[in-house]
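What follows draws every value from the coordinates through simple rules; no lab data is involved. What you see is a predicted model, and the numbers here were worked out from it, not measured in a lab. When we count neighbours, we look across all protein chains shown, and the Cβ atoms used for this are built from the backbone with ideal geometry, even at glycine.
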Amino acid sequence: MAKKVGDRTLEFSERINVISYGNVVGKFEGEGPLKSCFDIIVNDEYFGEKTYEKAETKMQQTALNSALQKGLLKISDLNLIASGDLLNQCISSSYSVRDNDVPFIGLYGACSTMALSVIVASMSVECGYSQYAAGVTSSHFCSAERQFRQPLEYGGQRTPSAQRTVTASAALIVGKKKTNITVKRIAIGSVIDFLVTDANNMGAAMAPAAVDTVVHYFNDTGTKPQDYDMILSGDLGAVGASIFRDMAAEKGYDMQNIYNDCGLMIFDNKKQDTHAGGSGCGCSGAVLTGYVLPRLASGELKNVLFMSTGALMSTTASQQGESIPAVAHLINFTGE
């Protein structure tokens, strides 16, 4: 059975293997520096559908199908799909699986959902519930913008600290069949509120949660940043990543040469002008499945900490002047 290590960390006693993974991204993401990493780049923001929400549903189905094909699996081979997104009631996730007779857990962790869904899938394999389980997530620039901010037609100006929601979906399948990538440890974060109220500065809201999780993980495991080839946060962007480095340094952890952020990697900010970088559930999902896992599979990377961060806000709470609490969940991936 898995072993609890310290306060937050769970270490799997049996190998939980990454079987396969897939992704799909939008046109703007496909013009960024990681364009060669993605399975499918879709130039139509509607994805051939009538609404942005239906497009996001189709993106999830496409990413999962890509992962299944790579793993030589069928949808019926899955014992669990754990999935979530940014839309109200997580409709992209539930609608994407409504025609599949597969047990489903809907999740809301905001932009932390890629890590959260893989954690749930890995736990289900560890406990014997699943032979194969999938973690899936998505976000869409157009659907998220009109839900959380303003209609696209409004053309409102964005502040320098604002981030662009990534149009992408990612799926990762785990199981006990041996591969050369494993989920070694997980750490579940707690909700941290830095009392940020600006919905256009989510990086600042999420950074303290990321620091809290990674510091707990280091304390639990007795490891340090230099023990890893890469430490990657989900979508803190330029503002949040800077705060994360400074706060980690105050705790005694130097992240300068080992840390990066998915929101800074997916876009070329000089050419694409995304202000503070990328955000959204699909941001960390696309970078994980498109950039990180292939490098673990090839042996270029051996030991990675992947941490998705989520701003647990809603439009109602923001309009009422509420602050933006956040959470960060961590996965330690290892390669052979």
Q | q = 0.23 Å⁻¹: log10 I(q)/I(0) that the Debye formula gives for region 23-70, counting C-alpha atoms only | A | -0.81
Q: Considering only CYS283, CYS142, CYS127, give the residue with the highest GNM mean-square fluctuation for the chain, with springs between Cα atoms whenever their separation is below 10 Å.
A: CYS127
Q. Based on the Cβ-Cβ distance from SER13 to ASP254, what FRET efficiency comes out when R0 is 41 Å, to the nearest 0.05?
A. 0.85
Q: Give me the orientation-averaged projected area of the Cα convex hull of region 3-175, in nm², one decimal.
A: 11.6
(Q) For region 159-220, compute Rg over Rh where Rg is the Cα radius of gyration and Rh is the Kirkwood radius from the inverse mean 1/r over Cα pairs. (A) 1.09
Q: Take peptides 9-17, 205-213 and line them up by average Cβ neighbours within 10 Å, highest first, as a rough protection proxy.
A: 205-213, 9-17
Q | Positive dipole terminus of the chain, leading residue within MET59, VAL125, SER284 (C-beta point charges) | A | VAL125
Q.
From the helices alone, meaning DSSP H stretches of at least four residues, give me the mean residue ellipticity at 222 nm for the chain, per-run term -39500 (n - 2.57), in deg cm²/dmol to the nearest 500.
A. -9500 deg cm²/dmol
Q: Mind putting a number on the dipole of the chain about its Cα centre? Charges go on the C-beta only, +1 for Lys and Arg and -1 for Asp and Glu, and I need it in Debye to the nearest 20.
A: 640
**Q.** Distance histogram in 10 Å bins (all Cα pairs of the chain, percent per bin)
**A.** 6, 29, 38, 22, 5, 0
Q | For peptides 310-318, 178-186, sequence by mean Cβ density within 10 Å, most packed first | A | 178-186, 310-318
Q) According to the Kirkwood expression over distinct Cα-Cα pairs, how big is the hydrodynamic radius of region 48-129, in Å? A) 13.3
(Q) Along each principal axis of its Cα atoms, how long is region 204-294 end to end? Whole angstroms, biggest number first, please. (A) 39, 29, 22
Q: State the Cα centre-to-centre distance between region 65-86 and region 199-224 in whole Å.
A: 29
**Q.** P(r), alpha carbons of region 259-331 - 10 Å bins starting at zero, rounded %
**A.** 16, 39, 31, 11, 3
Q) Computed on alpha carbon atoms, what radius of gyration and Dmax characterise region 181-335, expressed in Å? A) 15.1, 49
Q | Among GLN272, GLN320, GLN256: highest mean-square fluctuation, GNM of the chain, C-alpha pairs under 10 Å | A | GLN320
